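Novice: This structure is in structure tokens; I'll ask about it shortly.
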Amino acid sequence: MPIYMDRHYIEGITRQVIVEAHEKDLEIQSKYDVHFLTYWFDEPRCTGFCLVDAPNKESIQKTHAEAHGAVPFEIIEVNPIAVQSFLGRTTDPAPVDLSGEIPIDSAFRAIMFTDLKDSTLMTTMFGDTKALHLLHIHNALIRNALRDHRGNEVKHTGDGIMASFVNVEDAVRCAIAVQRAFADHNQREPGESLHIRIGLSAGEPVEEDGDLFGSAVQLAARICAHTEPDRILVAQIVRDECRSRQDDFLDLGEITPKGFDVPISVHEVKWQ
């Protein structure tokens, strides 16, 4: 059966309410031939998300309606591999303490794109063997930073990497670490210098466009494309979420990325 993710918005919702609602779903799920795999909950944003194995969207709506009446605002079909990459899990995590309480994370994620300058020219400039060697260095430097800052690699784009982060400040720290790692490499090996641009955005997984992290991914990619090499640009939402790092950002005003109807405020991260 297909796998779906739904989005609930309930003003004033609490952890206890979402846990009880999930338990009620589980009690009657077999009646509608659905299987609730896991869920996420964001109390400040009043949103909850369910991952469900179901024959269709209607069966999910009927289960929720009968179980507790909280019918989802949006339901999209998702690839479980993509969910695992973005969110880090497709099942409930194990309890982490003696209370037996299962942790529930929010599903809000920061999205990072990197892009290597002149990647298509590397083979012409250096030949196949050296170009591949430099690409391996590029991959290692970024993946080391992802590992150190709790980032999940979503995919390799050929000349960059898309990654997600549970914590927005981790994403910013990772971007800074990546640029510093490349700067160190370029200082040690000036004949093999590599320069990347980085763009960051953030958002929730289910949106009206019907794609997993659709607008957050698109905006991060567009911001990355707008960025000059050796720089980090972020969307306003990233700056807003980094309350303890406000001095690390430089306001660059607004841009209107391709595919967006309204201007977007962007900020540069000071890393040098």
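The values are calculated or read from the model by the stated rules, or taken from the named source; none is laboratory data. Keep in mind the model is a prediction, meaning the values are calculated, not measured. Here the Cβ positions follow ideal geometry from the backbone for every residue, glycine too, while neighbour counts run over all protein chains shown.
Novice: Going by the conditions given, is K155 surrounded by fewer than 22 Cβ atoms within 10 Å (Cβ to Cβ) and assigned to a strand (DSSP E or B)?
Specialist: So K155 passes the test.
Novice: I'd like the residue in the stretch 111-137 that is touching a His at 6+ places or on another chain (Cβ under 9 Å) and of a type outside the set (F, W, Y) and, out of all such residues, is surrounded by the fewest Cβ atoms within 10 Å (Cβ to Cβ).
Specialist: D118
Novice: Any idea which of (1) under 30 Å from E23 (Cα atoms); (2) without any contact (Cβ under 8 Å) to a residue 40 or more places away in the chain is the one N152 doesn't satisfy?
Specialist: With respect to (1) under 30 Å from E23 (Cα atoms); (2) without any contact (Cβ under 8 Å) to a residue 40 or more places away in the chain, N152 is out only on (2).
Novice: If I ask for residues that are outside any loop (DSSP other than H, G, I, E, B) and over 29 Å from the mean Cα position of the chain (by Cα), which ones from the stretch 30-42 would you list?
Specialist: S30, K31, Y32
Novice: Just checking, does the stretch 5-25 include any residue being in a loop (DSSP other than H, G, I, E, B), touching a residue at least 40 places away in the same chain (Cβ under 8 Å), surrounded by fewer than 19 Cβ atoms within 10 Å (Cβ to Cβ) and touching a helix residue (DSSP H, G or I) at 6+ places or on another chain (Cβ under 9 Å)? Walk me through how you get there before you give the answer.
Specialist: Here is the first cut: in the stretch 5-25, the residues in a loop (DSSP other than H, G, I, E, B) are 10-14.
Subsequent filtering for residues that are touching a residue at least 40 places away in the same chain (Cβ under 8 Å) retains 10.
If we keep only those that are surrounded by fewer than 19 Cβ atoms within 10 Å (Cβ to Cβ) too, we end up with 10.
So of that shortlist, the ones also touching a helix residue (DSSP H, G or I) at 6+ places or on another chain (Cβ under 9 Å) come out as 10.
For the stretch 5-25, residues in a loop (DSSP other than H, G, I, E, B), touching a residue at least 40 places away in the same chain (Cβ under 8 Å), surrounded by fewer than 19 Cβ atoms within 10 Å (Cβ to Cβ) and touching a helix residue (DSSP H, G or I) at 6+ places or on another chain (Cβ under 9 Å): present.
Novice: If we keep just the residues of the stretch 53-100 that are more than 21 Å from the chain's Cα centre (by Cα) and outside the structural domain of Y39 (by TED's automatic domain parsing), which is modelled with the highest pLDDT?
Specialist: A94
Condition check ((1) crowded, with 24+ Cβ neighbours inside 10 Å; (2) without any contact (Cβ under 8 Å) to a residue 24 or more places away in the chain; (3) touching a helix residue (DSSP H, G or I) at 6+ places or on another chain (Cβ under 8 Å); (4) assigned by TED's automatic domain parsing to the domain that holds A145) across all residues:
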site: G160; (1), (2), (3), (4): no, no, yes, yes
site: I196; (1), (2), (3), (4): yes, no, yes, yes
site: V206; (1), (2), (3), (4): yes, no, no, yes
site: F213; (1), (2), (3), (4): yes, no, yes, yes
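Novice: I would also like to ask the following. Answer with yes or no whether I237 is touching a Phe, Trp or Tyr at 6+ places or on another chain (Cβ under 8 Å) and either crowded, with 16+ Cβ neighbours inside 10 Å or under 22 Å from V83 (Cα atoms) (or both).
Specialist: Details: touching a Phe, Trp or Tyr at 6+ places or on another chain (Cβ under 8 Å): no; either crowded, with 16+ Cβ neighbours inside 10 Å or under 22 Å from V83 (Cα atoms) (or both): yes.
Criteria not met by I237.
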